[in-house]
1. So for chain A, averaging the separation of alpha carbon pairs under 8 Å that are six or more residues apart and normalising by length, what relative contact order in percent results?
2. Tell me the mean residue ellipticity at 222 nm calculated for chain A from its helices only (DSSP H runs of n ≥ 4, each -39500 (n - 2.57), averaged over every residue, nearest 500).
3. So who's got an amide H within less than 5 Å of the one on B:PHE251, skipping anything under 5 residues away but keeping other chains? H placed 1.01 Å off N, in plane.
4. Which shape class applies to region B:29-289: rounded if a/c is under 1.5, otherwise prolate when a/b exceeds b/c and oblate if not, where a ≥ b ≥ c are the square roots of the Cα gyration tensor eigenvalues?
5. Using the beta-carbon distance between B:ALA185 and B:HIS212 and R0 = 35 Å, what value does 1/(1 + (r/R0)^6) give for FRET efficiency, to the nearest 0.05?
6. Report ³J(HN,Hα) in whole Hz for each residue of region D:132-145, in order, from the Karplus equation J = 6.51 cos²θ - 1.76 cosθ + 1.60 where θ = phi - 60°; Gly and Pro get x.
7. Per residue of region A:169-186, what does 6.51 cos²θ - 1.76 cosθ + 1.60 with θ = phi - 60° give for ³J(HN,Hα)? Whole Hz please, x for Gly and Pro, Karplus curve as stated.
8. Ranking request for peptides B:312-324, A:137-149, B:257-269: highest mean number of other beta-carbon atoms within 10 Å first, then the rest in descending order.
Amino acid sequence: MSALLRIEKLEVVYARAITAIQGITLEAGKGEIVAVLGTNGAGKSTTLRAVSGFLGLDDARVTEGSILFKGDNLANRPPYLITKLGIVLVPERDKVFPNLSVVENLAASVPARGADRKRLEEMAFTFFPKLSELRGRTAGLLSGGERQMLALASAIVCGPELLLVDELSLGLAPVVVEDLAQRLVEIRGKLGITILLVEQNAAVALSIADRGYVLENGRVVLDGDAARLKNHPDIQEFYLGGAGERRSYRDVKQYRRSRRWYG
Amino acid sequence: MSSREPRASGYFRSSYDQGLRLIETRTQWTSLIAFLLALGAFPFLATSFQLDLACQVFLAVIGSIALMLLTGYAGQVSLGHAGLIAAGAFTAGILFKEFGAKFWITIPAAAAMGALIGLIFGLPSLRLRGLYLAVSTLALHFIVIYLGGEYETKRGFSTGIVIDAPRIGDLVLRDRKIWYFVLLAFAAVTLLISLNLLRSRTGRAWAAIRSHETIAEALGIGVAGHKLLAFVISSSMTAVAGALFSYYRGFVSVEAFSLFLSIQYVAMIIIGGMGSLLGAILGAIFVTLLPYVIEYAVGLLPNARSYAGMLAAFNYSAFGIVMILFLVFEPQGLVGIWRRVQNYFLLWPFKQKPLGGGRR
Amino acid sequence: MQLAINIAVLAAIYALIACGYVLIYRVSRVLNLAHGELMMLSAYLLLTTASLFSKNPLIALTAAVFLSLCVGVLVYLFLMRRMTGEMVLAAVLTTVALGVLLRGLVVLIWSAQQQNPAQALGWANYSIPVFGAGRISAAGAALIAVTTLIYAGLFLFLRFSRYGIRMRAAGQNPLLAAQRGISLHVIYALAWGLSTFTGAMAGILISLDSGLDSTMVLIGLKAFPAALVGGLDSLVGALLGALIIAAAEVLMIYYVDALLSDVVPFLVLILMLIVRPWGLFGTREELDRV
Amino acid sequence: MLKRNLIATAVLAGLTGATAAQDAYNVGLTGALTGPAAGTYAPAVDGLRIYIDKVNAAGGVNGKKINLILLDDSAQPARAAANATRLVTDDKVVLLLNASLSSTYAPVVGESQKANVPLIFASSVCPKDVYPPANALQFCTTAFAANYDSRAVLDFVKATAKAPVKLGLAAMAIPISRGEIDYAEELAKTLGMTPVSKQIIPPPTPDYTPFATLIKEADANWTYSWAPWVTQVRTLEGLRRLGWTGDYIAWSHLEAENELARLKDGKFYVVGANALFQDDLPIHKEIAAAAKAANSQYPVNQMTEGWIAGMVIEAALKAAGWPANAEKVTASLSNLKVDLKGLRGGELQWTKDNHFRTRQYYRVYRWDEAKGAIVRVRDWAAFDVK
């Protein structure tokens, strides 16, 4: 498997003091949907930020390890260059320009080098037909689900090879999330792109992902095929609500898991 | 790996009392005394022109410390500093002209007027932040200047209000040496008041407001009250500086308080280094002396007199460039440079960077 | 009638200057307090180009405007770019410093004499009767026309052109804009270029109408309340703000006291800051961002 | 702390550069050489510099050179004060000159009184103190002077106007100009004219038309402005743009000669006390040649004021002898007669209690379209100063 994105032993330090990520290694192949799971503060978003180049804003830096995209190391590169390479992030919040209309939101996207803007825009509307009804509507007046659609559509217009989605399900009704998840599968199928999905909602993520990683306290604690992860007892217990309230594995006195550091 | 626990090294305060002390070590005492001696000896060694420069510096120091309290510590931006200086100067001038008031009345009156105007300048700060606040103080500057100009014209003082030298008994404050010590005393008192304010509850409240207003409010700090207090104290000091200026120069006129003066004061605290009283002093010295240094440098050029007509333009340009250089390359200002030099010598011959900085 | 024309000309002046403040503020949240100085610089550039192309006033004019646009872009590239990511206030103070620098340079290069670019171009400022009842100077009429054209142009540009939409996007959320592949530096440089371009038009037209000296800086400063009253991030606001300020000023001259006209813009400004700090058309969230 | 002081002292010590030439007459000037007001003063100061250089090149006065020290105050009072202090205490000048806005007078006068050094206002407006009875230390060579100017102007208007005069007045919103226009308003009434509109115009005005509109709508047939040139001429331009066809009269500042030719307005009169270069006197040729040799950046026809100041200084120092001190110079200034070689209507004479001049002469010029040149409308009219 030739990895499109390969993160190796990545370490990220905030404010020169707090180590948020302590040696993560993960991989995403061409055309794969990869889910990154974990609770709040596990380091999911930091990983995404490291890939998309936005660490600098929070006074954080990649101090060790590498982020290889098609063999280029992206660590600590400025964001707009990363987007030019074909890596596009759909952020967790503030994902659309609220005062621009739907069409203008799409027009604001700059396609990657060599991408055909017209075709990409048409694609975006075929994936999300509802948006073409809302063309002239101001983005700030859209519902949560519509906004997520618009965010995904704008990201597609950027012509990504790797789409980073931060919390697809946040604040949305289950039906909507289900629908959006299916769209992601469709997008992957039609465009052949790789999707890195960072989620708290493991059920949704694992239902569409090919593979998954589970992060806790800045480390990868589990990884593997989505189907197998789904059936893993820890995942069942802590992420899919099998054992009532979610807790961290550290709270469990006896744990029966096979820990595999660094893959 | 050694198993020994790392031991703390360096210089620590072991009680709150020590933290509140102004002067802590013997070295500080010695250098302070040496510094005071040098200050005291200066007027007997300097020429009259140098004394005049020193007096200008002291006046600027009072103003820049006042602005530093407001902007550097309480975080409230003001572009109306010249307006406040003008208010102080005009209070003194008008009281003198209209009622023949003596300086022991006019200077407290100027302080009171400053406090009052500070309250007015401060009111917008309850609603506005940052840029908008700066703009509102700018607007107030124009209004103060307008009122001053109207007074001058209506009363027929078309070339400015001339003020007689103040008099204490038989002693007429005219000699520059006396002025030197008077202004030095005022500057020193301003500095001491500020130092005391900053290590009190007020100073900490300002620091909290400066870093985050909402959180400060949540911590139970009376944000509105402390903001207004910052304006009142700062403006009052500034107005006193204005009144002293009018006595020192013997005149008041609106043209002396242009917008450029406000810019100069802002430049003082930037160039000196935000959030440091030492910075305010260094900045005041730097900005006050810069034009004279340039003038001197131009004087060294061959055929100097033909450049005379361009001196102010040189000054303007140099002033702009220096300000830009500090903003872009040394946001910590002169104090930042000073600390770096200090650390360099503290650590020499090692090159490591200490975490905190050598001194408060 | 003459009253209306006077208000219109003054409003056009203020509006043309104010849109320079708005363009930069809207995109990068930086208040450019050197706008007046940049405006003055453009008028002086015209003086130089006028002496270079003394036969072709139009070429001189175009060259001056083009040079001004370049100055704006260069100011961003060499100065303001370094201030991105710094405190907004530091950036504003940098523009103040730039203004001081420019004031010095202009005197060093062109001397402090009163100048007349119209004469340098060999143009006379004709007077045109309007509706029989009033009169307007050629430069004044040009001011109104240019302001209308520039506002219409800016409106179309921001609404329909791709770069215009990106400018609006970058102004709303620079982070997201960067994520969508918009190069903020290009957008900011464009905003600075456009802003000095409009400023140049204002500076040049004012100097053609009534001569040129360093007091032009103060005119730039007087237009600032117009931008703020309308709302610093709204072009429509700038237009309306300019109208309000101009009307207040001219009416004050006519009916109350000419001397008050000097402070009236600032009085209106303070009133506005107390009642509605974000301006007539500004966005309310702005306040918490600065 | 100590280090800071050392550095400060070093800087201050470095500033004591001004090497007071022992073997020359030290004369110091503080003026608005740069800044917004410089247009009015800088050319005159340059004229003075060229004149003094010429005197020095020809061997100086009483065999000694004149060391003219020029300091710039950009019309800022605080700078002027510092300059004056420095000139008096460090450079030990025997004579102070001021060429700046009236706001700088108070501090400079203060220094002059403190040190007992005479002060000449050269190219800056004459303060009341130089009129009889004059202040012992203040003198003025400047052409324009409060009250006398308005008298001359209104005298000319009265003599020229055919119809009853409805007078419009325009001042800049600076105290000195407002004061003069207020005076003119009162004076006009006593001369049987009707002041119909008085406009006081703030200096940074983007558009003068509103003020012009008011004058026009008040139906004025004459308008008089005594203000800095900008205000005078922009008000006129505003009026003409509105189609106003009345007569406009204003003070003939340095810029007048170039501007008359630019405006080409047959009903625009300028009143002045200096002969314009248009008259082409021998002395004018001399100034032009000297300015050309000195490579001056300013127009020659704006240097008359400086030239006159130079002539006065030369004469005063000559009379004071060598070695001179402030006292001797004051004495020689208080009893001085200088032949201005036609630059003004007559010689400049100062007496013990008149430091303005005993007689002030005025000429009126305007542009003549037919001749394509500036013409004299009224030759020297003398007014005795009492």
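Only the coordinates and a few stated rules stand behind these numbers; no lab work does. As the structure is a prediction and not an experimental result, all values here were calculated from the model. With ideal geometry, Cβ positions are generated from the backbone for all residues, glycine too; neighbour counts draw on all protein chains shown.
1. Rounded, it is 25 percent for chain A.
2. Numbers: 9 runs with 84 residues, N = 263.
Value at 222 nm, helices only, nearest 500: -9000 deg cm²/dmol.
3. B:ILE163
4. Here region B:29-289 falls in the oblate category.
5. Rounded to the nearest 0.05, the efficiency is 0.40.
6. Once θ is set to phi - 60°, the couplings for region D:132-145 become x, x, 7, 5, 4, 9, 10, 9, 8, 9, 4, 5, 8, 8 Hz.
7. So the Karplus estimates, Gly and Pro as x, are 8, 4, x, 10, 5, x, 4, 5, 4, 3, 4, 4, 4, 5, 4, 4, 4, 4 Hz.
8. Ranking the peptides B:312-324, A:137-149, B:257-269 by packing returns B:257-269, B:312-324, A:137-149.
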